[in-house]
1. Checking the conditions here, which among THR88, THR97 is surrounded by fewer than 21 Cβ atoms within 10 Å (Cβ to Cβ), in contact with a helix residue (DSSP H, G or I) (Cβ under 9 Å, 6 or more places away or on another chain) and free of Cβ contacts under 8 Å to residues at least 40 places away in the same chain?
2. Return the pairs, sorted by first residue and then second, in which the second residue is basic (Lys, Arg) and surrounded by fewer than 18 Cβ atoms within 10 Å (Cβ to Cβ), the first residue lies in segment 221-233 and is under 17 Å from VAL105 (Cβ atoms), the beta carbons are less than 9 Å apart, and the residues are 6+ apart or on different chains.
3. Out of the residues in segment 144-166 that are without any contact (Cβ under 8 Å) to a residue 12 or more places away in the chain and touching a helix residue (DSSP H, G or I) at 6+ places or on another chain (Cβ under 7 Å), state the one that is nearest to ARG222 (Cα to Cα).
Amino acid sequence: MATPRALFDQLSTGITDGRFADLAQLYAEDTVVEHPTAVPRPGRLEGRAALHDRFVNGLGGTLRLTRHDVTIHETADPEVIVAEYQYTAESRQTGRTAETANIQVLRVRDGLLIHTRDYHDYLQLAAIQNATAALAEAYANAPAYEPHPIAPRPTAPLPLTSREGVFHQLVFGVADGRWPELPDLYAAKTDVRHPFLPGAPILHTRDDLRTHFTAGAAAGFRIEVTGLVLHLSTDPEVIIGESTYVGETSSGTPFQVNNIFAMRIREGQIIESRDYGDHLALAAATGRLPELIARVTG
């Protein structure tokens, strides 16, 4: 029976080889595939037939995708892995290429994929297809956000230096506006990256992080955190956390930003983090979408 790791390899190899008609067979008949950072609102596919149509009539006709630089995080849940990887993406229409980041949470049962949450770099994919104007139009005409109830915060105390404790301090610290405290959650020498934000500098020091979080404070967002799911890697230093920031800009524009962060935490401090956030949704809410698009179009 196929393991989660083996199924991911079959899936991503099949995409690389262009065998799109075969891929839906890796999924259960009643599978659910979510795209939390899809444009202009999160997407959801239910059932093998819908997924087959997406692979054959959507992805297969528009892009060539070559997988590389794969990191697999096995988790404490034997059904679940988290896969980080890069695509060399090429548009079949324009011939343009780009390197795009991806991260997936995959749940496997009885040798089939029963649920995945797939986060992709939709900005870079739109840029190589000369589709950024359509992307901007999609956000301009997007429906209102669906109500997103705010889950109660965990009440059980966590050791502050544990993986879970550090992650909670970060995401709830953002929500509570405790910006000056956040750089101290990181090691003096760290490596923080934002793979879905083109042109973002790598943050190496607490001074870098102070600058980063000061900008967050200046934005004046009102934020709540919900949908928090933590995946504990079998590597005792690694945690991957999914969450949604639900809030308003300083001018009252609502937003919902889905995130997944992959962190390495040592001795209670973050020494490495890849923060895959929905920067497109946030830029659309703040009126900065043209600026973000310009970063990938010249």
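1. Numbers: THR88 fails: in contact with a helix residue (DSSP H, G or I) (Cβ under 9 Å, 6 or more places away or on another chain).
Going through THR88, THR97 in turn, the sole match is THR97.
2. LEU228/ARG153
3. LEU158
Conditions tested, residue by residue: (1) polar (S, T, N, Q); (2) surrounded by 14 or more Cβ atoms within 10 Å (Cβ to Cβ); (3) at pLDDT below 95.
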| residue | (1), (2), (3) |
| --- | --- |
| GLN10 | yes, yes, no |
| LEU51 | no, yes, no |
| GLY58 | no, no, yes |
| GLY61 | no, no, yes |
| THR71 | yes, no, no |
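The values are calculated or read from the model by the stated rules, or taken from the named source; none is laboratory data. All of these numbers come straight from a predicted model, not from anything done at the bench. Methodologically, a virtual Cβ is constructed for each residue, glycine included, from the backbone with ideal geometry; neighbour enumeration extends over all protein chains shown.
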